[in-house]
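The structure appears below as structure tokens.
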Amino acid sequence: MTILSSETDEATTAATVTLRGHTIPVGLYIAGQWRPVSTTFDVVNPATGGVIAQLADGTDADALAALDAAAAAQDAWGHVAPRDRADLFHRAHRLLLDRADAIVETMTLESGKPLAEARGEFQLSADFFLWYAEQVAHLHGTYAEGSRGGYRVITTHQPVGPSLLITPWNFPLLMIARKAGAALGAGCTIVVKSAKETPLTCALFVETLHDAGFPPGVVNLVHTTHSADVSAAVMADPRLRKVSFTGSTGVGSTLLKQAAPGIVNASMELGGDGPFVVLDDADVELAAQQAILCKFRNAGQACVAANRIIVHSAVAEEFTRRFVELAKNLRVGDGFSEGVDVGPIISAAQRDGVARLVAELGSIDSELLTGGSPVEGEGYFFEPTVFAINDRDNDVCNRELFAPIATIYTVDSTREAIEVANDTSYGLAAYVFTRDLSRAIAVSERLDSGMVGINRGIMADPAASFGGVKSSGLGREGGHHAIHEFLEPKYLAITVDESKGLE
Ligand code: NAD
């Protein structure tokens, strides 16, 4: 049930919504204040199709006001001492942990993902934030002698500047925690543009940063249903120095074009077409279990999902039998129900898209092994679906499915497996299953992807550099690379008169 109420905050009068006992701001957050709601849009629970909240629908003017605040706060935030910045991060991390239940339940409510998955995402997001908290206090430059003597080269790092962070709906907390942590840790102020499907989790995250004491203007949040216009307005403003985007390759490409005139620094985490390679010596049971996780987690709506399962003919029958058996056992339902494995598709429109994909895959030389239909009743559920594909020379075989649809391709050699795996414009995550470590390395080195899971189907970690090659993106999130996406090296040349100083 939705209860819209007005509550007084120290800083401003802010509208909130109370869901499952958790109070969530529904306004825009600009210059340290929650701004009152004017025009609103509906947030829907995909497990029921019902409206759960109305949020402020931001305009170009709101986004530019957020950029005003970010630009005004940039110099001071960029010069906060590393230890003070790290202290804020640690405070925010502790507050996040205190608010785990509110954030986890809100994530399940607006994205539909099962509670267990939401908890896993929460833990990973909190770990990312902790990783950045630890990194913030330990960013070092270099010192070198000029190559022909007479001067010294000191290299330091400076924040790139005010940054626009655009996130998708499929991992409502992880996507923003991963980006915001790196940007803020580097000393950049941020304007966050949430995904309209899952803005509530983003609001709780930003509220946590506010309560932790991040100064006004350092963090700003704009929700909107006019993403294209709002982003274009911010991208055209010369004060914006960085865009960090996670979403589809098409939108990423549009943003890169918008970044070109002003040479705006850009990081792009885009779509994937993940090959999941099972070689003839693989532990088939392990491969099948991991493929289920990798394919059906988040109802298949993950950039790193196993999009094409490529299996050596020597184990294809055994693998397929087990995989289909496991897929049939998955429980589909509301993420709040006990024992549910697969939640709903994010919207009615997306579920219609899944049905169209099934029809397309059914129209080529393929065999439907299980599933294939929407689930009757309320909400946007779809059966876990498995196809064996006999002819891969079809456009639909090189498309990101982003759905609970697994496609299995049989190959006769390791070389053919690599060829099929690389036959895509994408290059985000790939997976290899083999008992031979040398083979695993040899194959991994030949896969055109930014990441390879060896005998495992899940691999996001704060210590790992997450990102893709080819149409899957530019730059990395996590690991030691992430914070440097928001920093620019700056070199100071200092003349040193070698004849002096020793007298
Ligand atoms: P999307 O590209 O439609 O939307 C992503 C974000 O961009 C949303 O906030 C949306 O409102 C905004 N947006 C849409 N059009 C825009 C425009 N013209 N200008 C500026 N912003 C715009 O993607 P989606 O459907 O939300 O997410 C699914 C896609 O995201 C898939 O392709 C998936 O693979 C990809 N993804 C990639 C990663 C990764 O780390 N590489 C992670 C998650 C999702």
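The values are calculated or read from the model by the stated rules, or taken from the named source; none is laboratory data. Quick caveat, the model's predicted, so the values are computed rather than measured. In this analysis, Cβ positions are derived from the backbone assuming ideal geometry, glycine residues included, and neighbour counts consider all displayed protein chains. The protein model used for the area step is the full one, side chains on, heavy atoms only, and it has no ligands, DNA or RNA in it. Shrake-Rupley method; radii C 1.70, N 1.55, O 1.52, S 1.80 Å.
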Check your understanding: When you look at residue 461, is it more than 28 Å from the chain's Cα centre (by Cα) and among the charged types (D, E, K, R), yes or no?
Key -> no
Practice item. Could you list all residues from segment 21-50 that are out of contact with any Pro (no Cβ under 7 Å at 6 or more places or on another chain) and over 18 Å from residue 172 (Cα atoms)? Key: 21, 30, 33, 35, 36, 37, 38, 39, 40, 48, 49, 50
Practice item. Please name all residue pairs, on different chains or six or more residues apart, with Cβ atoms under 8 Å, provided the first residue is in segment 188-206 and is in the same structural domain as residue 66 (by TED's automatic domain parsing) and the second residue is of a type in the set (Asp, Glu). Key: 197/110; 198/110; 199/110; 200/110; 201/110
Practice item. Could you please let me know if residue 341 is within 23 Å of residue 380 (Cβ to Cβ), free of Cβ contacts under 8 Å to residues at least 12 places away in the same chain and open to solvent by 40 Å² or more (accessible area, probe 1.4 Å)? Key: no
Check your understanding: So how many residues does segment 196-225 have that are near the ligand (Cβ under 9 Å from one of its atoms) and either assigned to a strand (DSSP E or B) or open to solvent by 10 Å² or more (accessible area, probe 1.4 Å) (or both)?
Key -> 3
**Study point:** Matching residues in segment 161-180 - criterion: being on the phi < 0 side of the Ramachandran plot and either of a type in the set (D, E, K, R) or assigned to a loop (DSSP other than H, G, I, E, B) (or both)
**Key:** 162, 167, 168, 169, 170, 171, 172, 173, 178, 179
Review point. Consider residue 313 against the criteria (1) open to solvent by 10 Å² or more (accessible area, probe 1.4 Å); (2) small (Gly, Ala, Ser); (3) within 16 Å of the ligand (Cβ to nearest atom): it satisfies all of them except one. Which criterion is unmet?
Key: (3)
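Answer with yes or no whether residue 171 is more than 27 Å from residue 31 (Cβ to Cβ), of a type in the set (Phe, Trp, Tyr) and out of contact with any Leu (no Cβ under 7 Å at 6 or more places or on another chain).
On the way: more than 27 Å from residue 31 (Cβ to Cβ): yes; of a type in the set (Phe, Trp, Tyr): yes; out of contact with any Leu (no Cβ under 7 Å at 6 or more places or on another chain): yes.
It is true that residue 171 is more than 27 Å from residue 31 (Cβ to Cβ), of a type in the set (Phe, Trp, Tyr) and out of contact with any Leu (no Cβ under 7 Å at 6 or more places or on another chain).
Would you confirm, using the coordinates I've provided, whether residue 127 is of a type outside the set (Lys, Arg), surrounded by fewer than 22 Cβ atoms within 10 Å (Cβ to Cβ) and under 18 Å from the mean Cα position of the chain (by Cα)? Even if it seems obvious, please write down each step before you answer.
On the way: of a type outside the set (Lys, Arg): yes; surrounded by fewer than 22 Cβ atoms within 10 Å (Cβ to Cβ): yes; under 18 Å from the mean Cα position of the chain (by Cα): yes.
In short, yes.
What strands (runs of 3 or more DSSP E) lie completely within segment 426-503 and have 2 or more residues being within 16 Å of the ligand (Cβ to nearest atom), open to solvent by 10 Å² or more (accessible area, probe 1.4 Å) and over 20 Å from residue 160 (Cα atoms)? Give the derivation first.
Values: elements: 429-433, 451-454, 487-495.
By residue number, 451-454.
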Check your understanding: Taking only pairs six or more apart or across chains, which ones have beta-carbon atoms under 9 Å, a first residue in segment 154-177 that is farther than 23 Å from residue 346 by Cβ, and a second residue that is within 13 Å of the ligand (Cβ to nearest atom) and modelled with pLDDT under 95?
Key -> none
Study note, to complete from the structure: Condition set in contact with a helix residue (DSSP H, G or I) (Cβ under 9 Å, 6 or more places away or on another chain) and among the charged types (D, E, K, R), scope segment 56-71, selection farthest from residue 226 (Cα to Cα): answer is 62
Exercise for review: Could you please give the count of residues in segment 363-387 that are among the hydrophobic types (A, V, I, L, M, F, W, C), open to solvent by 20 Å² or more (accessible area, probe 1.4 Å) and not in a strand (DSSP E or B)?
Suggested key: 2
Revision key, fill the gap. The condition from (1) under 16 Å from residue 85 (Cβ atoms); (2) of a type outside the set (D, E, K, R); (3) touching an Asp or Glu at 6+ places or on another chain (Cβ under 7 Å) that residue 185 misses is numbered (3)
**Study point:** Enumeration of residues in segment 151-175 that are under 17 Å from residue 484 (Cα atoms) and within 14 Å of the ligand (Cβ to nearest atom)
**Key:** 164, 165
Exercise for review: For segment 232-290, name all the residues that are more than 11 Å from the ligand (Cβ to nearest atom), polar (S, T, N, Q) and in a strand (DSSP E or B).
Suggested key: 265
Study note, to complete from the structure: Residue pairs within 9 Å by beta carbon, gap of at least six or interchain, first lying in segment 385-409 and free of Cβ contacts under 8 Å to residues at least 12 places away in the same chain, second open to solvent by 10 Å² or more (accessible area, probe 1.4 Å) and assigned to a loop (DSSP other than H, G, I, E, B), listed first then second, are 393/364
Practice item. Scan (1) of a type outside the set (Asp, Glu); (2) within 11 Å of the ligand (Cβ to nearest atom); (3) open to solvent by less than 10 Å² (accessible area, probe 1.4 Å) for the single condition residue 183 breaks and write down its number. Key: (2)
Review point. Quick one: residue 167 ticks every box in (1) over 30 Å from residue 123 (Cβ atoms); (2) under 19 Å from the mean Cα position of the chain (by Cα) bar one, so which box is it?
Key: (1)
**Study point:** Number of the exception - residue 396 against (1) under 24 Å from residue 179 (Cβ atoms); (2) open to solvent by less than 40 Å² (accessible area, probe 1.4 Å)
**Key:** (1)
